[in-house]
1. Given the options T188, T135, name the one that is farther than 18 Å from A97 by Cβ and at pLDDT 80 or above.
2. Looking only at residues that are over 24 Å from K93 (Cα atoms) and outside any helix (DSSP H, G or I) in region 122-147, which one is farthest from the chain's Cα centre (by Cα)?
3. Considering (1) touching a Lys or Arg at 6+ places or on another chain (Cβ under 9 Å); (2) over 30 Å from G26 (Cβ atoms), say which one R149 fails and leave the rest.
4. Scanning region 167-217 for residues that are among the β-branched types (V, I, T), open to solvent by less than 10 Å² (accessible area, probe 1.4 Å) and in a helix (DSSP H, G or I), which turns out farthest from W113 (Cα to Cα)?
5. Identify the residue in region 35-60 that is at pLDDT 90 or above and in contact with a Leu (Cβ under 7 Å, 6 or more places away or on another chain) and, among all such residues, is surrounded by the fewest Cβ atoms within 10 Å (Cβ to Cβ).
6. Among the candidates Y64, Y100, which residue alone is assigned to a loop (DSSP other than H, G, I, E, B) and buried (at least 18 other Cβ atoms within 10 Å of the Cβ)?
7. Conditions first: (1) closer than 27 Å to T107 by Cα; (2) not in a loop (DSSP other than H, G, I, E, B). G40 passes all but one, so which condition is the exception?
8. Report yes if A97 is under 21 Å from M192 (Cα atoms) and either touching a Gly at 6+ places or on another chain (Cβ under 8 Å) or among the β-branched types (V, I, T) (or both), otherwise no.
Amino acid sequence: MVKQCQSSNDKKKEINLQFERLKNLGNFEHNAKVLNDGQGELVVIQRPLKATPADKYLPCTFCYGFYAKKSLARHIERCTFNKDKASGKAAAKTGRALLYSHLTTTTEDEQSWAELVSGLSKTHANPGLYKIIKTDPLMRELGKGLLIRMGDKTLRRPGTAELNLIRGKLRFMARLFIKVQNCCRVNTVSEMLDCKHFDHLLCAAREMSMDNTQIGLTMGGFLKQLNIIKRSFAMKAKDSQMKEDCNDFLWHMKQKWTNYVAAIASKRQKLKTLNKPQELPLESRQRLGHSNKLFRK
């Protein structure tokens, strides 16, 4: 990357921006090590006036600089490297996903993951889901990240409702992978997140969203998270080609996903709500004076 900066024919301002990003990449590696080891000092771009714990800082997915979680979304909307002016709504999710592969999981995290996987049921309709979720590196990191966001056992609600919610998310992503695998030759989720398979991915996603509109609305966000985790692996392995593939996949998502999947799923959901039959209240309930929306003035 240094050679690219030195041999660049762009203006001086562009060269300075490239060197700034290179510096942020070095700081990113340092900060990831500090967070992993639990000791050292973070190198951040901006510190808030109030003292902020180290775990409340997250990286920007465009410039790789570290910002406080509260100000990260505002920075992303103004970031110089955010060429497409992407929204900062999911700034915390994407920043956390970028760190996943750099952080070592604790024994408690591994136990939570084992508990999550053990609760996955093997069905005849989708026989390969269990193996994909358990063995695929990207699916594993996504699941662990969702578990970490949920907090330790003292912060969780009693019962298995929250774990079942995560299992459901991992299950429908694994179903998407199987549908793509039936159309083209892919062995891992990382291979599925490639531009040459993007059309097959769109067709599979549209087919799944026909049965469940909510899946069509939420699937795009999970695909972006998986893509960022893949970029995190690329940064750790210093694989520039994989990083370029991640950027190309994100470009395809921005160009096609809304029109081909999300917009159709949203319209189907609105029509489903409008066409939902409404039953009139019983005559006995009207006499007793029970309030009902249909009879309010």
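The values are calculated or read from the model by the stated rules, or taken from the named source; none is laboratory data. Bear in mind that the values here come from a model prediction, so they are computed numbers and not experimental data. Positions of Cβ are generated from backbone atoms using ideal geometry, with glycine treated the same way; all protein chains shown enter the neighbour counts. Just so you know, the surface numbers come from the protein's heavy atoms only, side chains and all, with ligands and any DNA or RNA stripped out. Shrake-Rupley method; radii C 1.70, N 1.55, O 1.52, S 1.80 Å.
1. Going through T188, T135 in turn, just one is farther than 18 Å from A97 by Cβ and at pLDDT 80 or above: T135.
2. Among those that are over 24 Å from K93 (Cα atoms) and outside any helix (DSSP H, G or I), it is H124.
3. So R149 meets the others, but not (2).
4. Ranking the candidates gives V180 first.
5. The residue in question is L58.
6. None of the others qualify; the one that does is Y64.
7. Result: G40 fails condition (2) only.
8. So A97 passes the test.
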